[in-house]
Structure formats: structure tokens, C-alpha cells
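Asks: If you scroll down you'll find the structure; I have some questions about it.
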Amino acid sequence: LEKVYQFSPVLDGLTGSEASSVLGGQASLWTEYIKTPEHLEYMLMPRLLALSESLWTVQEAKNYRRFKGRVNKHFNYLEKKNFNYRELKGE
């Protein structure tokens, strides 16, 4: 999860004009080995939350510890919606 959170779509070594051409990122999930909707949900969350925040936050302002505190609040919503997600036990 931390690796996803630290992702930046702007690669090292790009020039300023090249970097300004990067519009964002995307989250791909290859489903050929995901057989159920519940497993798909589990594979998405909280990774999708981490990627979303990562793409909206400048690299210098990212703080994984604070992110984990915020993401735990989202689990209440996911639970109410019966969404299958991976908890952050022991992280």
C-alpha cells in the first residue's frame, strides 16, 4: 500500500515541459485471475484510495502515516456499503 501511495506519474529525468504534459495516472486491475466481485473489491481497496490521494497530492506533501489515519475513516463507509476491503492490520 505504501508503494502505491508513493507513486508519481511524473518520472524522474523528465524535462519541465515533459513533466507538464503528464495529465495524471490510472489504476489498472487485471481480472483474469479474479473470479468474484468480492475478490475484486478486496484487490481494489484501499489501494484505490492510496492512488487517488497520491495523484492529487504533490510529492513533497505526501505523508503515508497521516494517510493511514485518514483511510481508516473510509472503512466505516465501505463497511456500510458492504464493500469487501483489506484492512490495515499491523501496518
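The values are calculated or read from the model by the stated rules, or taken from the named source; none is laboratory data. Just so it is clear, the model here is predicted, and its values are computed rather than measured. Backbone-built Cβ (ideal geometry, glycine too); neighbour counts: all protein chains shown. Note: areas computed on protein heavy atoms with side chains; ligands, DNA, RNA excluded. Shrake-Rupley method; radii C 1.70, N 1.55, O 1.52, S 1.80 Å.
Asks: Tell me, which longest segment in the chain has none of the chymotrypsin sites (Phe, Trp or Tyr not before Pro) that fall in DSSP loops with at most 12 further Cβ atoms within 10 Å? Write down the numbers at each step before the final one.
Replies: Values: sites that count: 30, 33.
Counting at most 12 other Cβ atoms within 10 Å as exposed, the longest clean stretch of the chain is 34-91.
Asks: I've got another one for you. Report the FRET efficiency, 1/(1 + (r/R0)^6), for residue 34 and residue 11, where r is their Cβ-Cβ distance and R0 is 22 Å, rounded to 0.05. Don't skip to the end; give the middle numbers.
Replies: Values: r = 28 Å, r/R0 = 1.29.
Efficiency at R0 = 22 Å is approximately 0.20.
Asks: Related question: Is the shape of the chain best called rounded, prolate or oblate, per the rule: a/c under 1.5 gives rounded, else a/b larger than b/c gives prolate, else oblate, with a ≥ b ≥ c the square roots of the Cα gyration tensor eigenvalues?
Replies: In terms of gyration-tensor shape, oblate.
Asks: Which residues' amide hydrogens lie under 5 Å from the amide hydrogen of residue 86, considering only partners 5 or more residues apart or on another chain, with H built in the peptide plane?
Replies: 45
Asks: Lysines near residue 80 by alpha-carbon distance under 21 Å, same-chain residues fewer than 8 away left out - which ones?
Replies: Output for residue 80: 68, 89.
Asks: If the label point is 7 Å along Cα→Cβ of residue 2, which residues in region 26-65 have backbone nitrogen under 11 Å from it?
Replies: Those under the cut-off are 64-65.
Asks: From the helices alone, meaning DSSP H stretches of at least four residues, give me the mean residue ellipticity at 222 nm for the chain, per-run term -39500 (n - 2.57), in deg cm²/dmol to the nearest 500.
Replies: Values: 5 runs with 44 residues, N = 91.
Roughly -13500 deg cm²/dmol at 222 nm, from the helical runs in the chain.
Asks: Determine the per residue accessible area of region 37-91 with all protein chains present and a 1.4 angstrom probe, expressed in square angstrom. Intermediate results must be reported in sequence, preceding the final value.
Replies: Numbers: 3970 Å² over 55 residues.
Ligands and nucleic acids excluded, the figure is 72 Å² per residue.
Asks: Also: Rounded to a whole number, what % of the accessible area of the chain do carbon and sulfur atoms account for, probe 1.4 Å? Don't skip to the end; give the middle numbers.
Replies: Numbers: 3730 of 6990 Å².
It is 53 percent, rounded to a whole number.
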